[in-house]
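> Mind having a look at this structure? Questions to follow.
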Amino acid sequence: MSALDRKSVLLDAAAAVIARDGVAAASTRAITAEAGMSLASFHYVFPSRDALLAEVIERTLDREFREQSLVAESGLSVEERVYRGFCASLGLLAERPEVELSMFELMHYALRTPGLESLARRQYERYWEAAERIVVETGVRWDRPTYEIAQVVVAMNDGIALAWLATRDTEAALRMAAVATASICGMAVPA
């Protein structure tokens, strides 16, 4: 097996272990057992568990952004686009709640582990960059910088996601998405 293939299998295994059992249970032994590989195979590809976790975060973000970009539609009002964006995030969350739970857990792990704090910062920088692209693509003029609006969008989306993970109440999440949409669209400059 090539190093690239081995890396991919280990990343899949790590994501599976974290989703099923949490970050604390994602030891190199648990990950290699899940992957059906030896510890030596792990260390051939990754210098440490933390290096693997950093790549799990990046890979998961890449997948999430690819999937969300597939739902973007043009020809809709800004309100419809923003609301559909929140609904798309909620749809992905409902489809695979363990992925979002893993991302929250990985962020907290990074914040609590000396030397890994930058992973949490990078995770949010990537969220903000992706949200800002969407905000800019609306073609709307805003009453403040687009990066500020993007940060608010991410904060609202996180709140909706956390509430849904705690309650699994999709109707409440959709109501929150409608309120978030109205708030975001209130920052648009009238045409």
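> Hey, any hits in segment 132-141 for a residue that's touching a Phe, Trp or Tyr at 6+ places or on another chain (Cβ under 6 Å) and either among the charged types (D, E, K, R) or at pLDDT 90 or above (or both)?
Yes, because at least one residue in segment 132-141 is touching a Phe, Trp or Tyr at 6+ places or on another chain (Cβ under 6 Å) and either among the charged types (D, E, K, R) or at pLDDT 90 or above (or both).
> Separate question: Within segment 171-191, track down each residue that is open to solvent by 50 Å² or more (accessible area, probe 1.4 Å), outside any loop (DSSP other than H, G, I, E, B) and of a type outside the set (Gly, Ala, Ser).
Passing the criteria: Glu171, Leu174, Arg175, Met176, Val179.
> Here is a follow-up. Out of Arg59, Arg63, report the one residue that is among the basic types (Lys, Arg), modelled with pLDDT under 85 and in a helix (DSSP H, G or I).
The unique qualifying residue is Arg63.
> Do we find that Glu105 is modelled with pLDDT of 90 or more and among the acidic types (Asp, Glu) in this structure? It would help to see each step written out before you state the result.
Numbers: modelled with pLDDT of 90 or more: yes; among the acidic types (Asp, Glu): yes.
So Glu105 fits the description; yes.
> Oh, and also: Can you find a residue in segment 32-47 that is among the acidic types (Asp, Glu) and modelled with pLDDT of 90 or more?
Yes, some residue in segment 32-47 is among the acidic types (Asp, Glu) and modelled with pLDDT of 90 or more.
> Identify the single condition in (1) under 30 Å from Cys185 (Cβ atoms); (2) out of contact with any helix residue (DSSP H, G or I) (no Cβ under 7 Å at 6 or more places or on another chain); (3) not hydrophobic (A, V, I, L, M, F, W, C) that Glu58 does not satisfy, given that it satisfies every other one.
The number of the failed condition is (1).
> What pairs can you find where one residue is in segment 1-12 and surrounded by fewer than 15 Cβ atoms within 10 Å (Cβ to Cβ), the other is of a type in the set (Val, Ile, Thr), and their Cβ atoms are less than 8 Å apart, with a gap of 6+ or different chains?
The qualifying pairs are Met1/Val9; Ala3/Val45.
The values are calculated or read from the model by the stated rules, or taken from the named source; none is laboratory data. Quantities reported herein were computed from a predicted structural model and do not represent experimental measurements. Note that we place each Cβ from the backbone using ideal geometry, even for glycine, and neighbour counts take in every protein chain shown. Surface areas here come from the heavy atoms of the whole protein model, side chains and all, with no ligands, DNA or RNA. Shrake-Rupley method; radii C 1.70, N 1.55, O 1.52, S 1.80 Å.
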